[in-house]
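Trainee: Please read through the structure below; I'll follow up with questions.
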Amino acid sequence: SVPRVYQEIAATVLSDTKQKNSFFHPELKFVFTAAAPLPLSTSNVFKQNNIPVVEGWGLTETSPCCTLTAQSLERTPGIVGWPIPEVQVKLADEQEICVKGPNVMQGYYKLAEATSKAIDSEGWFHTGDVGEITSEGLRIISRLDRIFKLSNAEKVFPVVMEEKATKRCNYIKYIYVFGSGGPAPIALVFPNLLLLQAGKVDLPQCLRPQSCGDLSDCLKKCLCEINEYHEVKYERLSKVLVIQRELSIEKEELTPSMKLVPRMIERNYKKYIDFLKGESGSSLPADAYLIELT
(Lines give C-alpha, C1' and ligand atoms only; values in the text may rest on other atoms or scores of the structure.)
Protein backbone atom coordinates (compact mmCIF):
# COMPACT_ATOMS: atom_id res chain seq x y z
CA SER A 1 0.00 0.00 0.00
CA VAL A 2 0.93 3.68 0.02
CA PRO A 3 2.95 5.13 2.94
CA ARG A 4 0.01 6.93 4.53
CA VAL A 5 -1.74 3.60 5.19
CA TYR A 6 1.38 2.22 6.88
CA GLN A 7 1.68 5.41 8.96
CA GLU A 8 -1.86 4.84 10.25
CA ILE A 9 -1.08 1.18 10.96
CA ALA A 10 2.09 2.16 12.83
CA ALA A 11 0.18 4.70 14.93
CA THR A 12 -2.42 2.05 15.81
CA VAL A 13 -0.03 -0.74 16.77
CA LEU A 14 2.13 1.64 18.82
CA SER A 15 -0.84 2.51 21.00
CA ASP A 16 -2.80 -0.76 21.11
CA THR A 17 -1.16 -4.08 22.04
CA LYS A 18 -4.18 -6.11 20.91
CA GLN A 19 -4.11 -4.51 17.46
CA LYS A 20 -0.35 -4.98 17.32
CA ASN A 21 -0.66 -8.72 17.93
CA SER A 22 -3.48 -8.93 15.39
CA PHE A 23 -1.53 -7.16 12.65
CA PHE A 24 1.88 -8.78 13.20
CA HIS A 25 0.54 -12.32 12.87
CA PRO A 26 2.66 -15.38 11.84
CA GLU A 27 1.40 -15.31 8.24
CA LEU A 28 2.71 -11.78 7.61
CA LYS A 29 6.02 -12.21 5.75
CA PHE A 30 6.69 -8.70 4.39
CA VAL A 31 4.93 -5.48 3.39
CA PHE A 32 5.23 -3.62 0.08
CA THR A 33 5.15 0.15 -0.26
CA ALA A 34 5.30 2.49 -3.24
CA ALA A 35 3.97 5.76 -4.69
CA ALA A 36 5.88 7.98 -2.21
CA PRO A 37 8.82 7.60 0.20
CA LEU A 38 7.97 5.65 3.36
CA PRO A 39 9.38 7.50 6.40
CA LEU A 40 12.10 5.53 8.17
CA SER A 41 10.36 6.15 11.49
CA THR A 42 7.40 4.15 10.12
CA SER A 43 9.41 1.32 8.58
CA ASN A 44 11.30 0.97 11.88
CA VAL A 45 8.03 -0.13 13.50
CA PHE A 46 7.96 -3.05 11.06
CA LYS A 47 11.67 -3.71 11.56
CA GLN A 48 11.17 -3.97 15.33
CA ASN A 49 8.61 -6.70 14.63
CA ASN A 50 10.91 -8.50 12.12
CA ILE A 51 8.79 -7.67 9.08
CA PRO A 52 10.77 -6.59 5.98
CA VAL A 53 9.60 -3.57 3.99
CA VAL A 54 9.98 -3.82 0.21
CA GLU A 55 9.85 -0.48 -1.59
CA GLY A 56 9.07 -0.01 -5.26
CA TRP A 57 9.51 3.01 -7.51
CA GLY A 58 7.97 3.99 -10.81
CA LEU A 59 5.29 6.11 -12.41
CA THR A 60 1.89 5.55 -14.01
CA GLU A 61 3.65 5.96 -17.39
CA THR A 62 5.94 3.02 -16.53
CA SER A 63 3.12 0.61 -15.71
CA PRO A 64 4.15 1.38 -12.89
CA CYS A 65 7.13 -0.39 -11.29
CA CYS A 66 10.75 0.13 -12.38
CA THR A 67 12.85 -0.76 -9.33
CA LEU A 68 12.53 -2.81 -6.14
CA THR A 69 14.47 -3.05 -2.89
CA ALA A 70 15.51 -6.39 -1.39
CA GLN A 71 13.62 -8.10 1.42
CA SER A 72 15.90 -6.72 4.08
CA LEU A 73 15.12 -5.35 7.52
CA GLU A 74 17.58 -2.52 6.87
CA ARG A 75 16.38 0.48 4.87
CA THR A 76 18.11 3.64 3.73
CA PRO A 77 15.93 6.73 3.16
CA GLY A 78 15.39 7.40 -0.53
CA ILE A 79 16.79 4.06 -1.73
CA VAL A 80 14.36 2.31 -4.09
CA GLY A 81 16.56 -0.57 -5.19
CA TRP A 82 17.54 -1.99 -8.57
CA PRO A 83 15.70 -2.22 -11.91
CA ILE A 84 13.35 -5.16 -12.40
CA PRO A 85 14.10 -7.55 -15.34
CA GLU A 86 14.15 -5.94 -18.82
CA VAL A 87 13.98 -2.41 -17.41
CA GLN A 88 16.91 0.00 -17.85
CA VAL A 89 17.57 3.11 -15.80
CA LYS A 90 20.01 5.95 -16.47
CA LEU A 91 20.65 9.53 -15.33
CA ALA A 92 20.38 12.39 -17.83
CA ASP A 93 21.00 16.14 -17.45
CA GLU A 94 20.52 17.50 -13.92
CA GLN A 95 20.53 13.88 -12.70
CA GLU A 96 17.02 13.30 -14.05
CA ILE A 97 16.12 9.59 -13.97
CA CYS A 98 15.25 8.09 -17.35
CA VAL A 99 13.68 4.68 -17.94
CA LYS A 100 13.50 2.34 -20.92
CA GLY A 101 11.70 -1.00 -21.12
CA PRO A 102 8.54 -2.87 -22.17
CA ASN A 103 6.70 -1.30 -19.22
CA VAL A 104 7.02 2.25 -20.61
CA MET A 105 3.88 3.69 -22.22
CA GLN A 106 3.61 4.27 -25.97
CA GLY A 107 2.57 7.87 -25.36
CA TYR A 108 -0.07 10.24 -24.02
CA TYR A 109 -3.38 9.76 -25.83
CA LYS A 110 -3.76 12.31 -28.65
CA LEU A 111 -1.01 14.48 -27.10
CA ALA A 112 1.88 14.20 -29.52
CA GLU A 113 3.78 17.24 -28.22
CA ALA A 114 3.61 16.08 -24.59
CA THR A 115 4.71 12.59 -25.69
CA SER A 116 7.75 13.92 -27.58
CA LYS A 117 8.80 15.88 -24.48
CA ALA A 118 8.48 12.85 -22.22
CA ILE A 119 10.00 10.18 -24.50
CA ASP A 120 13.15 11.07 -26.44
CA SER A 121 14.22 9.80 -29.85
CA GLU A 122 16.06 6.84 -28.29
CA GLY A 123 12.98 5.67 -26.39
CA TRP A 124 14.02 6.90 -22.94
CA PHE A 125 11.16 8.14 -20.76
CA HIS A 126 12.15 11.23 -18.75
CA THR A 127 10.53 10.77 -15.32
CA GLY A 128 11.03 14.22 -13.78
CA ASP A 129 12.57 12.55 -10.72
CA VAL A 130 16.13 13.44 -9.70
CA GLY A 131 18.37 10.71 -8.32
CA GLU A 132 21.73 9.03 -8.05
CA ILE A 133 23.06 5.49 -8.43
CA THR A 134 24.51 4.17 -5.17
CA SER A 135 25.96 0.85 -4.00
CA GLU A 136 22.51 0.04 -2.58
CA GLY A 137 20.66 0.91 -5.77
CA LEU A 138 18.81 3.91 -7.13
CA ARG A 139 18.26 6.76 -4.68
CA ILE A 140 15.50 9.32 -5.25
CA ILE A 141 16.63 12.84 -4.32
CA SER A 142 13.77 15.07 -5.43
CA ARG A 143 11.37 16.06 -8.19
CA LEU A 144 12.83 18.46 -10.74
CA ASP A 145 9.90 20.82 -10.18
CA ARG A 146 10.49 20.91 -6.40
CA ILE A 147 14.11 22.05 -6.49
CA PHE A 148 14.40 25.76 -5.68
CA LYS A 149 17.05 28.45 -5.32
CA LEU A 150 17.58 30.72 -2.34
CA SER A 151 18.30 34.45 -2.57
CA ASN A 152 22.04 33.62 -2.62
CA ALA A 153 21.45 31.38 -5.70
CA GLU A 154 22.20 28.16 -3.80
CA LYS A 155 20.13 25.22 -5.06
CA VAL A 156 18.05 23.36 -2.43
CA PHE A 157 16.74 19.79 -2.67
CA PRO A 158 13.80 19.94 -0.22
CA VAL A 159 13.37 16.17 0.04
CA VAL A 160 16.72 15.91 1.87
CA MET A 161 15.46 17.80 4.92
CA GLU A 162 11.98 16.30 4.64
CA GLU A 163 13.44 12.79 4.89
CA LYS A 164 15.61 13.71 7.87
CA ALA A 165 12.63 15.16 9.73
CA THR A 166 10.28 12.22 9.11
CA LYS A 167 13.08 9.79 9.93
CA ARG A 168 13.53 11.48 13.30
CA CYS A 169 9.88 11.96 14.30
CA ASN A 170 7.01 9.46 14.07
CA TYR A 171 4.56 12.28 14.73
CA ILE A 172 5.25 14.01 11.40
CA LYS A 173 2.89 12.71 8.72
CA TYR A 174 3.90 15.26 6.06
CA ILE A 175 6.44 18.06 5.92
CA TYR A 176 6.63 20.53 3.06
CA VAL A 177 9.96 22.36 2.70
CA PHE A 178 10.08 25.45 0.47
CA GLY A 179 11.61 28.93 0.31
CA SER A 180 12.36 29.94 -3.27
CA GLY A 181 14.03 33.36 -3.34
CA GLY A 182 14.27 33.53 0.45
CA PRO A 183 17.32 33.58 2.73
CA ALA A 184 16.84 30.00 4.05
CA PRO A 185 14.47 27.02 3.72
CA ILE A 186 11.23 27.08 5.75
CA ALA A 187 8.61 24.36 6.22
CA LEU A 188 5.03 23.42 7.07
CA VAL A 189 4.54 20.34 9.27
CA PHE A 190 1.31 18.34 9.24
CA PRO A 191 1.25 15.97 12.25
CA ASN A 192 -0.11 12.45 12.57
CA LEU A 193 -3.20 13.46 14.56
CA LEU A 194 -4.16 9.84 15.25
CA LEU A 195 -0.82 9.22 16.98
CA LEU A 196 -1.08 12.49 18.93
CA GLN A 197 -4.52 11.50 20.20
CA ALA A 198 -3.45 7.95 21.06
CA GLY A 199 -1.95 8.98 24.39
CA LYS A 200 0.33 6.21 25.62
CA VAL A 201 2.46 4.88 22.76
CA ASP A 202 5.40 2.49 22.56
CA LEU A 203 8.14 4.92 21.50
CA PRO A 204 11.29 4.71 23.64
CA GLN A 205 13.48 7.83 23.83
CA CYS A 206 10.57 10.05 22.79
CA LEU A 207 8.69 12.68 24.78
CA ARG A 208 5.42 11.33 23.30
CA PRO A 209 3.56 14.60 22.71
CA GLN A 210 -0.22 14.52 22.98
CA SER A 211 -1.08 17.79 21.23
CA CYS A 212 0.27 20.00 18.46
CA GLY A 213 1.51 22.40 21.12
CA ASP A 214 3.46 19.61 22.79
CA LEU A 215 4.81 18.52 19.41
CA SER A 216 6.05 22.00 18.55
CA ASP A 217 7.95 22.11 21.87
CA CYS A 218 9.75 18.79 21.48
CA LEU A 219 10.16 19.03 17.69
CA LYS A 220 12.23 22.18 18.07
CA LYS A 221 14.95 20.20 19.86
CA CYS A 222 14.93 17.49 17.19
CA LEU A 223 15.05 19.94 14.28
CA CYS A 224 17.84 21.94 15.92
CA GLU A 225 19.90 18.73 16.18
CA ILE A 226 19.15 17.88 12.53
CA ASN A 227 20.33 21.36 11.52
CA GLU A 228 23.45 21.09 13.67
CA TYR A 229 24.61 17.86 12.05
CA HIS A 230 23.52 18.72 8.50
CA GLU A 231 26.71 19.62 6.65
CA VAL A 232 25.16 21.85 3.97
CA LYS A 233 24.49 24.99 5.98
CA TYR A 234 22.24 26.73 3.45
CA GLU A 235 19.86 23.73 3.49
CA ARG A 236 19.21 24.04 7.23
CA LEU A 237 15.65 24.98 8.18
CA SER A 238 15.15 28.43 9.68
CA LYS A 239 11.44 28.43 10.64
CA VAL A 240 8.70 25.81 10.78
CA LEU A 241 4.95 25.95 11.34
CA VAL A 242 3.23 22.95 12.93
CA ILE A 243 -0.35 23.02 11.63
CA GLN A 244 -3.18 21.22 13.39
CA ARG A 245 -4.67 19.87 10.17
CA GLU A 246 -4.51 16.86 7.85
CA LEU A 247 -3.74 17.12 4.15
CA SER A 248 -6.39 15.51 1.97
CA ILE A 249 -7.05 14.12 -1.49
CA GLU A 250 -10.45 15.82 -1.50
CA LYS A 251 -8.81 19.25 -1.33
CA GLU A 252 -6.31 18.12 -3.99
CA GLU A 253 -3.41 18.62 -1.56
CA LEU A 254 -2.42 14.98 -2.10
CA THR A 255 -2.51 12.86 -5.24
CA PRO A 256 -4.46 9.57 -5.16
CA SER A 257 -1.12 7.90 -4.42
CA MET A 258 -0.61 10.27 -1.44
CA LYS A 259 2.12 12.48 -2.90
CA LEU A 260 2.24 16.17 -2.02
CA VAL A 261 0.75 18.60 -4.56
CA PRO A 262 2.90 21.72 -4.02
CA ARG A 263 0.75 24.22 -5.95
CA MET A 264 -2.37 23.25 -3.98
CA ILE A 265 -0.56 23.32 -0.63
CA GLU A 266 0.77 26.79 -1.44
CA ARG A 267 -2.73 27.93 -2.42
CA ASN A 268 -4.64 26.36 0.48
CA TYR A 269 -2.06 27.38 3.09
CA LYS A 270 -1.18 30.80 1.72
CA LYS A 271 -1.80 32.63 5.01
CA TYR A 272 0.55 30.23 6.81
CA ILE A 273 3.20 30.65 4.13
CA ASP A 274 2.81 34.44 4.15
CA PHE A 275 3.39 34.42 7.91
CA LEU A 276 6.55 32.31 7.61
CA LYS A 277 7.86 34.58 4.86
CA GLY A 278 7.16 37.64 7.02
CA GLU A 279 4.72 39.15 4.52
CA SER A 280 3.33 42.51 5.62
CA GLY A 281 0.10 42.26 7.60
CA SER A 282 0.27 38.50 8.10
CA SER A 283 -0.27 37.04 11.57
CA LEU A 284 0.13 33.61 13.16
CA PRO A 285 -2.99 31.52 12.39
CA ALA A 286 -4.83 30.19 15.45
CA ASP A 287 -4.28 26.52 14.57
CA ALA A 288 -0.52 26.84 13.97
CA TYR A 289 2.55 26.73 16.20
CA LEU A 290 5.77 28.50 15.24
CA ILE A 291 9.20 26.91 15.67
CA GLU A 292 12.14 29.29 15.16
CA LEU A 293 15.43 27.50 14.61
CA THR A 294 17.88 30.37 14.13
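The values are calculated or read from the model by the stated rules, or taken from the named source; none is laboratory data. Treat the numbers as computed from the prediction; the structure is a model and nothing was measured. No Cβ is skipped: glycine too gets one built from the backbone with ideal geometry, and neighbour counts run over all protein chains shown. Note: areas computed on protein heavy atoms with side chains; ligands, DNA, RNA excluded. Shrake-Rupley method; radii C 1.70, N 1.55, O 1.52, S 1.80 Å.
Trainee: Once label points are set 7 Å from the Cα along Cα→Cβ at both Asp217 and Ser180, what is their separation, rounded to one decimal in nm?
Mentor: About 3.8 nm separates the two model spin labels.
Trainee: Looking at Asn227, Gly137, Cys206, which one has the Cα that reaches farthest to the positive end of the dipole of the chain (charges on Cβ: Lys, Arg +1; Asp, Glu -1)?
Mentor: Cys206
Trainee: For the chain, modelled as a GNM with alpha-carbon contacts under 10 angstrom, which of Leu203, Leu150, Leu40 fluctuates the most?
Mentor: Leu203
Trainee: Can you tell me the FRET efficiency between Arg263 and Lys18 if r is taken as the Cβ-Cβ distance and R0 is 45 Å, rounded to the nearest 0.05?
Mentor: 0.60
Trainee: Can you compute the charge dipole magnitude of the chain about its Cα centre, using +1 on each Lys and Arg Cβ and -1 on each Asp and Glu Cβ, nothing else charged? Give it in debye, rounded to the nearest 20.
Mentor: Once rounded to the nearest 20, the dipole reads 580 debye.
Trainee: Work out the count of Lys pairs in the range 92-213 where the Cα-Cα distance is under 26 Å, with the pair 8 or more places apart or on different chains.
Mentor: 14
Trainee: With labels modelled as points extended 7 Å from the Cα through the Cβ direction, what inter-label distance (nm, one decimal) is found for His230 paired with Lys47?
Mentor: 2.1 nm
Trainee: Above 19 angstrom, tally the Cα pairs of the range 224-294 and express them as a % of all pairs, no decimals.
Mentor: 48 percent
Trainee: So which chymotrypsin sites (Phe, Trp or Tyr not before Pro) in the range 49-112 pass both tests, a DSSP loop state and at most 10 other Cβ atoms within 10 Å of the Cβ?
Mentor: Listed in order of number, the matching sites are Tyr109.
Trainee: Lys/Arg Cβ at +1, Asp/Glu Cβ at -1, dipole of the chain taken about the Cα centre: which of Leu247, Gly107, Thr76 is farthest positive-ward?
Mentor: Ranked along the dipole, the leading option is Leu247.
Trainee: Report the Cα-based extents of the range 103-210 along its three principal axes, largest first, to the nearest Å.
Mentor: 56, 38, 34
Trainee: Report the full-extension gain for the segment Cys206 to Ser1: residue separation times 0.36 nm, less the Cα-Cα distance, to one decimal in nm.
Mentor: Answer, rounded to one decimal: 71.1 nm.
Trainee: Here is a follow-up. Just Gly78, Gly199, Gly58 to compare: in a GNM of the chain, with alpha carbon springs under 10 Å, which one fluctuates most?
Mentor: Maximum among the listed residues: Gly199.
Trainee: Once amide H atoms are built 1.01 Å from N in the peptide plane, which residues 5 or more positions from Ser142, or in another chain, come under 5 Å H to H?
Mentor: Close amide H contacts, sequence-distant or interchain: Val130.
Trainee: So if I place +1 on the C-beta of Lys and Arg and -1 on the C-beta of Asp and Glu, and nothing else carries charge, what would the dipole magnitude of the range 80-184 be about its Cα centre? I want it in debye, nearest 20.
Mentor: Value, rounded to 20: 440 debye.
Trainee: So, in nm, how far is label Trp82 from label Glu252 when the simple model puts each one 7 Å beyond its Cα toward the Cβ?
Mentor: 4.2 nm
Trainee: Within the range 101-143, whose backbone N sits under 13 Å from a point 7 Å along Cα→Cβ of Lys90?
Mentor: 101, 120-126
Trainee: Test of the criteria: in the range 1-97, which GluC sites (Glu not before Pro) are in a DSSP loop and have at most 13 other Cβ atoms within 10 angstrom of their Cβ?
Mentor: Answer in residue order: Glu27, Glu74, Glu86.
Trainee: Now for a separate question. Could you give log10 I(q)/I(0) at q = 0.15 Å⁻¹ for the range 154-218, computed by the Debye formula over C-alpha point scatterers of equal weight, without solvent?
Mentor: Relative scattering, expressed as log10 I(q)/I(0), comes to -0.52.
Trainee: Once you sort the root eigenvalues of the Cα gyration tensor of the chain as a ≥ b ≥ c, which label holds: rounded (a/c under 1.5), prolate (a/b larger than b/c) or oblate (the other case)?
Mentor: Since a/c reaches 1.5 but b/c is at least a/b, the shape of the chain is classed as oblate.
Trainee: How high is the relative contact order of the chain, in percent, with contacts defined as C-alpha pairs under 8 Å that are six or more residues apart?
Mentor: Details: 521 pairs, mean separation 40.7, N = 294.
With pairs under 8 Å counted, the relative contact order is 14 percent.
Trainee: Hey, what's the range 137-294 come to in accessible area per residue, 1.4 Å probe, Å²? Intermediate values should be presented prior to the final figure.
Mentor: Numbers: 7900 Å² over 158 residues.
Normalised by residue count, the accessible surface of the range 137-294 is 50 Å².
Trainee: Sticking with this structure for a sec: What percent do you get for the relative contact order of the range 17-58 when only Cα pairs under 8 Å and 6+ apart count?
Mentor: Relative contact order, the range 17-58: 48 percent.
Trainee: For the chain, with the dipole built from +1 on Lys and Arg beta-carbon atoms and -1 on Asp and Glu ones, taken about the Cα centre, which of Ile9, Pro262, Ile97 lies farthest toward the positive end?
Mentor: Ile9
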